[in-house]
Amino acid sequence: MRHNRLVTTSRTWSIAGIVAGIAGLATSYAVAMALTIRDSPVVAVAERVIAWTPGKVAEYAVRYLGEHDKTVLLLVIMLVLLALFAWAGRLAGRTWWAPVVLYAVLAGLGAWAVLAQHSATTVDLVPVATGLVTWLVCLSLLTDPLRRRDRAANALLQPHEVPARDPFVVRGESATPGEVHDHTRRTFLVRAGLMTAVAAVLGTVGRGIGRGRRHVEETRRLLKLPGVTLPQLPPGVRVDVPGVTPWHTPTDDFYLIHTAIAVPTIEPADWTLRIHGMVDREVVLSYSDLISRQSTEAWITLNCVSNEVGGSLVGNAWWSGVRVADLLAEAGVRDGADAVLQTSEDGWTCATPLEALTDDRDALLAVAMNGKPLPLEHGFPVRTIVPGLYGYVSATKWVVDLEVTRFADVEAFWTTRGWAERGPVKIASRIDVPRNQEVPPGPFRVAGVAWAQHTGIAAVEIAVDGGPWQPTTLAEVPSVDTWVQWTTTLDLAPGEHTLRVRAIDRDGTAQTGVEAAPVSSGATGWHEAGVRVLEEA
Ligand SMILES: Nc1nc2c(c(=O)[nH]1)N[C@H]1C(S)=C(S)[C@@H](COP(=O)(O)O)O[C@H]1N2
Ligand SMILES: [Mo]
C-alpha cells in the first residue's frame, strides 16, 4: 500500500487519547466512590510510590514541599498519565493494538497498587476494570471517525485510487471524500465533547459521594473518646509457638461480614439510638449522650455462625463501650419481653435474647475496637457486641434502633433465611500448627485456639491417628469471653499422621465429633490437621 497522506494531525490523535483517558479515570473514580472504596486507583498508585520512595528522597520532598507533598505527587502522576494518554492516542493512529497494550499495562499497574493496600479485596479491582473498559471503548469511538477521515482524505488526494464504488457512506447515500471529511470531523467533535461532559459529571458525582465518606473518616480520626484505653495484652495469654494465630487480632486482620454493599457512613453528630417497644419510657440517645456514660472495656472473641470447622471467621479484640444492660434499665423493660430487635442504619436486623443483654456479661454498645473508634466497616460509630452469641444474632454494626419485644412477634434478617432463631456460640477448637506440614524428626510443638464464649474452656485434648485423647496445656485468659491458646509437644514416628482436636467447656461438655454444616446453628465436628514427620537424615 502507498504511503497514506493523513489529514488528521498528531495533535488530534493525542486529544482522542487524552479524552478517552480522562473518561476512564473519571469512571473508575466514580465507581470507587460509589462502592465506598477508600480512594481511586490513582491514589493507590500514589501510595505505592510513597511506600517505595527511599527515606532520604521523602525527607527532601517533605522539606521542600511541606504538606503539599502528596498533592504535588498526585499532580505529577496526573501529568505523566496525560502524556501517556496522548501517546496512546498517537499510537492509535498507527496500530490498534499498541494503545490497548499501553492501557492494559496502566490498568495492571493500578490493579497491583490497589491490591497492595491494607485489607484489599477483589471488589477493589472493579474500578480498575471499569476504567480499562471505558478507555478502550472511548478510544475506539474517538479514533474510528479519525481513521475514516484519513481514508477519505487519502482518496481525495489520490483520486485514481478511489475504488469504482465509493465505500464512504454518509446517511445512507454514497458520499464524496470531502463530505466524509466534514462528517467524521463532526462525529469526532460531538463524541469528544460528550465524553468530556460525562467525565465531568462522573467526577463531580464521585467527589460528592467521596466527600461524605472522607468527612466521616476525618471525624473518626479526630474523635477523642473518654474512657477508651489502648489494649494491653493480659499476662500469659500467648503460647510461644511460631505460626499460632495471634491471641489479639489486629484490626486490619479482623474478619468482615456484612450484607451492605456500600458501607454506611454516619456522622456521630447525626447518630441516634432509639430504645423502645416493651419499655416503660422510650429512650433516645445521641452519640455524645452515649459516650458520656460509664464506659466498660473487655476482651471479647467474636465469631461468625458461617465459620467452618477449622475456619478463620473468628477474632479477638479489645472492645470499649457502654453496657446495654444499663441502657435497657434506664428504659425499664416490661414483663413478658424476651428479645431485642436490633436494626442497623442499612436496614439489617437481628433479634437478640433479652437475657444475654441484661445478665452480668458485658454486652456492649461498642464505640471503639482495639482502643480506636470503630473502623467504618466494623460499624462506626456504634455497634453491639454480645459475648457468647454468634454475630448474626447480636453484633449489629451501625446500630440505630433497639426494640424490646418477643421472639414470637419478630422476624430478623438471617432467621427468615433459614438460620436458627437463637445463636449461642458452639464450643470449638482449631489446630493452627502444624497444619498439613512437614516437621523434622524429633519432638515438635502443636498449638491452636479454642473457644466457648461466656462458658469458657476447661481443657483441650488432641488425638493422634484416631488414638486416645491426650491433654494439652492451656494459656491464660482474662475471662470466659475470649478464646484460649493451647499447646503440647509430640514426638511421633517418621511418616504421615493425623492430629485431631477437641475442647471441653467449663460446664464439662465435650465438643461433639458429629459433623454439622454451619447452617442453621453453627458447624460442629473435630478439626483435623495432617503432619508428616521426616526421616532421620
Ligand atoms: N449492620 C450489619 N451488622 C452486622 C452484619 C450485617 O450484615 N449488617 N453481619 C453480622 C455478622 S453475620 C457477623 S459474623 C458480624 C461480623 O462483624 P465484623 O464484620 O465486625 O467482624 O457482624 C454482624 N453485624
Ligand atoms: Mo456471621
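The values are calculated or read from the model by the stated rules, or taken from the named source; none is laboratory data. Note that the coordinates shown come from a computational prediction; the quantities given were computed from them, not determined experimentally. Using ideal geometry, Cβ is built from the backbone for each residue, glycine included, and neighbour counts are taken over all protein chains shown. Protein only, heavy atoms only, side chains kept; ligands, DNA and RNA dropped before computing areas. Shrake-Rupley method; radii C 1.70, N 1.55, O 1.52, S 1.80 Å.
Of the residues in the range 443-451, at least one is buried (at least 22 other Cβ atoms within 10 Å of the Cβ), touching a residue at least 12 places away in the same chain (Cβ under 8 Å), within 28 Å of the chain's Cα centre (by Cα) and over 30 Å from Pro494 (Cα atoms). Can you tell me which of Gly321, Gly315, Gly311, Gly277 is within 16 Å of ligand 2 (Cβ to nearest atom), touching a Ser or Thr at 6+ places or on another chain (Cβ under 9 Å) and either open to solvent by 20 Å² or more (accessible area, probe 1.4 Å) or under 21 Å from Gly391 (Cβ atoms) (or both)? Sole residue among the options that is within 16 Å of ligand 2 (Cβ to nearest atom), touching a Ser or Thr at 6+ places or on another chain (Cβ under 9 Å) and either open to solvent by 20 Å² or more (accessible area, probe 1.4 Å) or under 21 Å from Gly391 (Cβ atoms) (or both): Gly315.
Of the residues Thr196, Thr204, the single one that is more than 16 Å from ligand 2 (Cβ to nearest atom), part of a helix (DSSP H, G or I), free of Cβ contacts under 8 Å to residues at least 60 places away in the same chain and over 17 Å from Ala366 (Cβ atoms) is Thr204.
Quick one: would you say Thr396 is in a loop (DSSP other than H, G, I, E, B), in contact with a strand residue (DSSP E or B) (Cβ under 6 Å, 6 or more places away or on another chain), open to solvent by less than 10 Å² (accessible area, probe 1.4 Å) and closer than 20 Å to Ala337 by Cα? Yes: the conditions hold for Thr396. Ser344 fulfils the conditions (1) of a type outside the set (Phe, Trp, Tyr); (2) surrounded by 20 or more Cβ atoms within 10 Å (Cβ to Cβ); (3) touching a His at 6+ places or on another chain (Cβ under 6 Å) except for a single criterion, (3). For the range 272-319, the candidate set comprises residues that are part of a loop (DSSP other than H, G, I, E, B) and of a type in the set (Lys, Arg); within that set, the residue that is nearest to ligand 1 (Cβ to nearest atom) is Arg293.
Among the residues of the range 240-250 satisfying the criterion of being open to solvent by less than 40 Å² (accessible area, probe 1.4 Å) and more than 16 Å from ligand 2 (Cβ to nearest atom), which is farthest from the chain's Cα centre (by Cα)? Of everything passing the filter in the range 240-250, Val241 is farthest from the chain's Cα centre (by Cα).
Of the residues making up the range 191-214, those that are farther than 19 Å from Leu139 by Cα, open to solvent by 40 Å² or more (accessible area, probe 1.4 Å) and not hydrophobic (A, V, I, L, M, F, W, C) number 5.
Looking only at the range 251-266, count every residue that is open to solvent by 70 Å² or more (accessible area, probe 1.4 Å), more than 6 Å from ligand 1 (Cβ to nearest atom) and assigned to a loop (DSSP other than H, G, I, E, B) and tell me the total.
Selection size over the range 251-266: 1.
Scanning the range 387-428 for residues that are closer than 21 Å to Asp359 by Cα and of a type in the set (Asp, Glu) turns up Asp401, Glu403, Glu421.
The criterion of being at pLDDT below 95, in a helix (DSSP H, G or I) and buried (at least 18 other Cβ atoms within 10 Å of the Cβ) does not hold for Thr8.
Scan (1) closer than 19 Å to Gln453 by Cα; (2) surrounded by 20 or more Cβ atoms within 10 Å (Cβ to Cβ); (3) away from ligand 1 (no atom under 14 Å from the Cβ) for the single condition Val404 breaks and write down its number. Failing condition for Val404: (1).
What single numbered condition from (1) farther than 30 Å from Val244 by Cβ; (2) in contact (Cβ under 8 Å) with a residue 40 or more places away in the chain; (3) out of contact with any helix residue (DSSP H, G or I) (no Cβ under 7 Å at 6 or more places or on another chain); (4) within 15 Å of ligand 1 (Cβ to nearest atom) fails to hold for Ala368? Failing condition for Ala368: (1). Can you find a residue that is more than 23 Å from Gln232 (Cβ to Cβ), within 16 Å of ligand 2 (Cβ to nearest atom), open to solvent by less than 40 Å² (accessible area, probe 1.4 Å) and in contact with a Ser or Thr (Cβ under 8 Å, 6 or more places away or on another chain) anywhere in the range 470-479? No - not one qualifying residue is present in the range 470-479.
For the range 92-112, name all the residues that are in a helix (DSSP H, G or I), in contact (Cβ under 8 Å) with a residue 40 or more places away in the chain and more than 31 Å from the chain's Cα centre (by Cα). Listed by number, the residues that qualify are Ala92, Pro99. The single residue among Ala44, Ala92, Ala32 that is among the small types (Gly, Ala, Ser) and over 14 Å from Val128 (Cβ atoms) turns out to be Ala92.
Can you tell me how many residues within the range 454-463 are closer than 19 Å to Val244 by Cβ and touching a Pro at 6+ places or on another chain (Cβ under 7 Å)? Qualifying residue count, the range 454-463: 2. Exactly one residue among Leu233, Leu222 is away from ligand 2 (no atom under 16 Å from the Cβ), open to solvent by less than 80 Å² (accessible area, probe 1.4 Å) and over 30 Å from Gly93 (Cα atoms), and that residue is Leu233.
Restricting Thr416, Thr384, Thr396 to residues that are within 16 Å of ligand 2 (Cβ to nearest atom) and more than 25 Å from the chain's Cα centre (by Cα) narrows the list to Thr416.
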